[in-house]
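Trainee: The structure is given below, and queries will be raised subsequently.
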Amino acid sequence: MNALAATNRNFRHAARLLNLDSKVEKSLLIPFREIKVECTIPKDDGSLASFVGFRVQHDNARGPMKGGIRFHPEVDHDEVNALAQLMTWKTAVVNVPYGGAKGGIGCAPKELSLRELERLTRIFTQKLHDLIGVRTDVPAPDMGTNAQTMAWILDEYSKFHGYSPAVVTGKPIELGGSLGREAATGRGVIFATEALLADHGKSINGLTFAIQGLGNVGSWVARLVHERGGKIVAVSDITGAVKNPNGIDIPSLLEHKEETGSLSSFDGGDSMNAKELLVHECDVLIPCALGGVLTRENAGDVKAKFIIEAANHPTDPEADEILSKKGIVVLPDIYANAGGVTVSYFEWVQNIQGFMWDEEKVNNELKKYMTVAFNDIKNMCQTHECSLRMGAFTLGVNRVARATLLRGWEA
Ligand code: GLU
């Protein structure tokens, strides 16, 4: 099922549980604004290359719209729409005063030079600059983008509007970025996992983990699970996968990847088929890469007892049903990976106040937000007798619906 169909289906299910008025339901589903732009750049060899860029601003009832910008070949209209909608519910679940948005450019960043990426980011910003802003829509990094991308957006935007560090988050520290932002999504995944496991009388220490993806999120998750005594028995990235029933030495693996750019030839485990990772024997499975990886084809074979959705929409609704019948507990993306946007909020607050927090304060506040949100989700699960996914969706949708109704529609 495509990402948008899956997201809409989850939203409609939540709307039914909440008994939402059908007109409110319709207004929440339709995006506030959808932008599609052509971005042509001269390549380093003098030839031209054209790309399509998107920004979907889904909802702003609770505050400025917020969400990442993704550079990836699979970026398309439907995917960006789905991810923008997920941001609306995600910001509401962790109760940060934002709406939701997402952007992206359909490109393969690894095939572009640094200068080409800079040109592409700048042309995209030139086409968007009137429609984003500190109080309107605040982009951040996502798959294929990073702090450097945000620095280029900040610089390009500031040419039109004056120096505006709070127009993007996930910036380099030197330009007003927040301490702890780089690790925030991964650290938030850990706080979310700890809250869930504690609810089941367990802790990370002593459990076995399989982690899919070793980008920014996956590598932080792996590092922090390892630090807390979790045994990581399998990891994968786009270059391959490694397994070791006695636990992989994560610092050595990350060092190996840093040096060689790949997981292959790592001698601290045996190589395995990357697809097999999702159905590998473990207590906790953490998908940290692309969406749509758990489907009706492989869900029946999953052996983990807990799935923590560090990626956005990794589980198809059909897979969700199969997993639930098997008694597997799924911690949904709109909560599990909300640490990134939560620390983005702290960064924006620091920029607006002109006051920098130390890293301990950032991490402590993040833990508070993640813990409160888990308890809020559990309350919704009790009220509506539903799964954690529907607990998170009803929590988010209800907060946005309340804000929408309070603001009203009078022209
Ligand atoms: N790209 C991240 C996400 O999907 C962070 C968004 C943000 O910080 O605005 O949640």
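The values are calculated or read from the model by the stated rules, or taken from the named source; none is laboratory data. This structure is a prediction, so every number in the text was calculated from the model and none was measured. Because the Cβ atoms are built from the backbone with ideal geometry, glycine has one as well, and the counts that use them run over all protein chains shown.
Trainee: Inside region 218-273, can you point out the residues that are of a type in the set (S, T, N, Q) and either farther than 20 Å from Gly144 by Cα or surrounded by fewer than 20 Cβ atoms within 10 Å (Cβ to Cβ) (or both)? Give the derivation first.
Mentor: Here is the first cut: in region 218-273, the residues of a type in the set (S, T, N, Q) are 219, 236, 239, 244, 246, 252, 260, 262, 264-265, 271, 273.
Within region 218-273, Thr239, Asn244, Asn246, Ser252, Thr260, Ser262, Ser264, Ser265, Ser271, Asn273 qualify.
Trainee: Among the residues of region 57-74, is any away from the ligand (no atom under 14 Å from the Cβ), closer than 23 Å to Ala289 by Cα and under 17 Å from the mean Cα position of the chain (by Cα)?
Mentor: Scanning region 57-74, I find at least one residue that is away from the ligand (no atom under 14 Å from the Cβ), closer than 23 Å to Ala289 by Cα and under 17 Å from the mean Cα position of the chain (by Cα), so the answer is yes.
Trainee: Condition check: over 22 Å from Lys326 (Cβ atoms) and without any contact (Cβ under 8 Å) to a residue 40 or more places away in the chain. Does Asp301 satisfy that?
Mentor: No: the conditions fail for Asp301.
Trainee: I'm checking my understanding of the structure. Among residues of region 316-331 that are touching a residue at least 40 places away in the same chain (Cβ under 8 Å) and either among the hydroxyl-bearing types (Ser, Thr, Tyr) or not in a helix (DSSP H, G or I) (or both), which one is nearest to the ligand (Cβ to nearest atom)?
Mentor: Of the residues in region 316-331, the ones touching a residue at least 40 places away in the same chain (Cβ under 8 Å) are 316-318, 320, 324, 329-331.
Next, only the ones that are either among the hydroxyl-bearing types (Ser, Thr, Tyr) or not in a helix (DSSP H, G or I) (or both) stay: 316, 324, 329-331.
On the way: Asp316: 19, Ser324: 24, Val329: 22, Val330: 18, Leu331: 15 Å.
Among those that are touching a residue at least 40 places away in the same chain (Cβ under 8 Å) and either among the hydroxyl-bearing types (Ser, Thr, Tyr) or not in a helix (DSSP H, G or I) (or both), it is Leu331.
Trainee: Give me the pairs, please: first residue somewhere in region 167-190 and under 22 Å from Arg135 (Cβ atoms) and touching a residue at least 12 places away in the same chain (Cβ under 8 Å), second residue anywhere and part of a loop (DSSP other than H, G, I, E, B) and among the β-branched types (Val, Ile, Thr), beta-carbon distance under 6 Å, and either six or more positions apart or on two chains.
Mentor: As it stands, the answer is Val167/Val134, since those pairs meet every condition given.
Trainee: Among Ala101, Ala147, which is surrounded by 24 or more Cβ atoms within 10 Å (Cβ to Cβ) and within 16 Å of the ligand (Cβ to nearest atom)? Let's see the steps before the verdict.
Mentor: Numbers: Ala147 fails: surrounded by 24 or more Cβ atoms within 10 Å (Cβ to Cβ).
Within the list Ala101, Ala147, the selection yields Ala101.
Trainee: Which one is surrounded by the fewest Cβ atoms within 10 Å (Cβ to Cβ) among residues in region 40-58 that are of a type outside the set (Phe, Trp, Tyr) and under 19 Å from Pro141 (Cα atoms)?
Mentor: In the first step, residues of region 40-58 are kept if they are of a type outside the set (Phe, Trp, Tyr); the result is 40-50, 52-53, 55-58.
Filter again for under 19 Å from Pro141 (Cα atoms), leaving 52-53, 55-58.
Values: Val52: 15, Gly53: 25, Arg55: 26, Val56: 27, Gln57: 26, His58: 28.
Across region 40-58, the extreme among qualifying residues is Val52.
Trainee: Could you grab me the full set of residues in region 332-360 that are more than 16 Å from the ligand (Cβ to nearest atom) and either surrounded by fewer than 14 Cβ atoms within 10 Å (Cβ to Cβ) or at pLDDT below 95 (or both)?
Mentor: Gln353, Gly354, Phe355, Asp358, Glu359, Glu360
Trainee: Take the residues in region 361-389 that are hydrophobic (A, V, I, L, M, F, W, C) and without any contact (Cβ under 8 Å) to a residue 40 or more places away in the chain; name whichever of them is surrounded by the most Cβ atoms within 10 Å (Cβ to Cβ). Step through it out loud before you land on a result.
Mentor: Our first condition is that a residue be hydrophobic (A, V, I, L, M, F, W, C); within region 361-389, this holds for 362, 366, 370, 372-374, 377, 380-381, 386, 388.
Filter again for without any contact (Cβ under 8 Å) to a residue 40 or more places away in the chain, leaving 380-381.
Values: Met380: 23, Cys381: 18.
Here the answer is Met380.
Trainee: Going through Ser236, Ser262 one at a time, which residue ends up being of a type outside the set (Asp, Glu) and under 21 Å from Gly292 (Cβ atoms)? Steps first, please.
Mentor: On the way: Ser262 fails: under 21 Å from Gly292 (Cβ atoms).
That would be Ser236, the only listed residue that is of a type outside the set (Asp, Glu) and under 21 Å from Gly292 (Cβ atoms).
Trainee: Here's something else I'd like to know. Of all helices (runs of 4 or more DSSP H) completely enclosed by region 335-411, which ones contain at least 3 residues that are touching a helix residue (DSSP H, G or I) at 6+ places or on another chain (Cβ under 9 Å) and either among the acidic types (Asp, Glu) or farther than 22 Å from Gly63 by Cα (or both)?
Mentor: Values: elements: 339-353, 359-384, 388-407.
Once the helices (runs of 4 or more DSSP H) in region 335-411 are filtered for at least 3 residues that are touching a helix residue (DSSP H, G or I) at 6+ places or on another chain (Cβ under 9 Å) and either among the acidic types (Asp, Glu) or farther than 22 Å from Gly63 by Cα (or both), what remains is 359-384, 388-407.
Trainee: Continuing with this model, one more query. So Arg296 passes all but one of these: (1) in contact with a Leu (Cβ under 9 Å, 6 or more places away or on another chain); (2) assigned to a loop (DSSP other than H, G, I, E, B). Which condition number does it fail?
Mentor: If we test Arg296 against (1) in contact with a Leu (Cβ under 9 Å, 6 or more places away or on another chain); (2) assigned to a loop (DSSP other than H, G, I, E, B), just (1) comes out false.
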